[in-house]
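**Student:** My structure is below; once you've seen it, I'll send some questions.
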Amino acid sequence: DSNLQINNEEFFIVTGANMAGKSTFLRTVSLHIVMANVGLPVCAKSSNYNPVKLITSMRTTDSLTDDSSYFFSELTRLKFIVDTIKNEPYFIILDEILKGTNSTDKAIGSKKFVEKLVASNATGIIATHDLSLCAIENELKNVKNYYFDAEIINDELYFDYKLKQGVCQNMNASFLLKKMDIV
């Protein structure tokens, strides 16, 4: 349940705890775009939409057959996106990019990649657990932060699955590791 408006050349950073709805939200927006592009009805109370091509990086995999590591597969997909959007506008959906590298390179690379997309007047959404990426909203006027929240109440985890403006403050990985007796 959300009231979402993404204007041309805006880029949203979506944060949230594990299982709070980030990836499902990205798939929902992607499906909305695909359905609207082919003239199908969309699941919304109302929708104002201008047709746009969609490009995503969501379910990267490695390949022993192609001698391609997970990280190299990510880089190949991101390079494809950079090259493709040079020719015409696309709506870009990115789910947790650069997972295949260390946290320092991931933070630096993600920031530089979003800066590059915004500089090319891209429109889109990136979901991430990397809260440091959210600081870019203060540097780039076309970047906005949104989040999905989670609460721990009486040792139970609750989600409202509502998109809110800002940066997620509640994380749950440590809670879940302990709750499931993993640590």
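Taken together, the values in this text are just the output of simple stated rules run on the coordinates, not laboratory data. Small disclaimer: the values here were computed from a predicted structure and weren't measured. Ideal geometry is used to build each Cβ from the backbone, glycine not excepted, and the neighbour counts take in all protein chains shown.
**Student:** Within the stretch 78-183, report the GluC sites (Glu not before Pro) that DSSP leaves as loop and that have at most 14 other Cβ atoms within 10 Å.
**Tutor:** 139
**Student:** Apply the Karplus curve 6.51 cos²θ - 1.76 cosθ + 1.60, θ = phi - 60°, to the phi angles in the stretch 176-183 and return the couplings in whole Hz, x for Gly and Pro.
**Tutor:** So the Karplus estimates, Gly and Pro as x, are 5, 4, 6, 4, 8, 6, 8, 10 Hz.
**Student:** From the phi of every residue in the stretch 68-77, what ³J(HN,Hα) in whole Hz does the Karplus formula 6.51 cos²θ - 1.76 cosθ + 1.60 yield, where θ is phi - 60° and glycine or proline is x?
**Tutor:** Listing the rounded values in order: 10, 6, 4, 5, 5, 4, 4, 4, 4, 5 Hz.
**Student:** For a quick check: sort 58, 180 by the number of other beta carbons within 10 angstrom, fewest at the front.
**Tutor:** 180, 58
**Student:** Residue 17's amide H: which non-local residues (gap 5+, or another chain) put their own amide H closer than 5 Å, with H modeled 1.01 Å from N in plane and none for Pro or chain starts?
**Tutor:** Result for residue 17 returns 148, 150.
**Student:** For the chain, I need the span (max minus min coordinate) of the C-alpha atoms along each principal axis, in Å, sorted largest to smallest.
**Tutor:** 50, 46, 36
**Student:** Between residue 99 and residue 42, what is the label-point separation in nm under the 7 Å Cα-to-beta-carbon projection?
**Tutor:** 2.6 nm
**Student:** Same structure again: For the stretch 132-147, just list the computed ³J(HN,Hα) in residue order, Karplus coefficients 6.51, -1.76 and 1.60, θ = phi - 60°, integers in Hz, with x standing in for Gly and Pro.
**Tutor:** With the stated coefficients, the stretch 132-147 comes to 5, 5, 5, 4, 5, 4, 6, 9, 10, 5, 8, 9, 10, 9, 9, 8 Hz.
**Student:** How many angstrom lie between the C-alpha centres of the stretch 1-72 and the stretch 117-183?
**Tutor:** 16 Å
**Student:** Around residue 124, which amide H atoms from residues at least 5 apart in sequence, or from another chain, sit under 5 Å from its own amide H, with H modelled in the peptide plane?
**Tutor:** The list, which skips near neighbours in sequence, is 10, 11, 12, 92.
**Student:** Give the percent of DSSP beta bridges with both residues in the chain that are antiparallel, rounded to the nearest 5.
**Tutor:** Roughly 30 percent of the DSSP beta bridges within the chain come out antiparallel.
**Student:** Quick check on my link table: of 45/162; 144/164; 111/178; 106/179, which ones sit more than 22 Å apart, alpha carbon to alpha carbon?
**Tutor:** 111/178; 106/179
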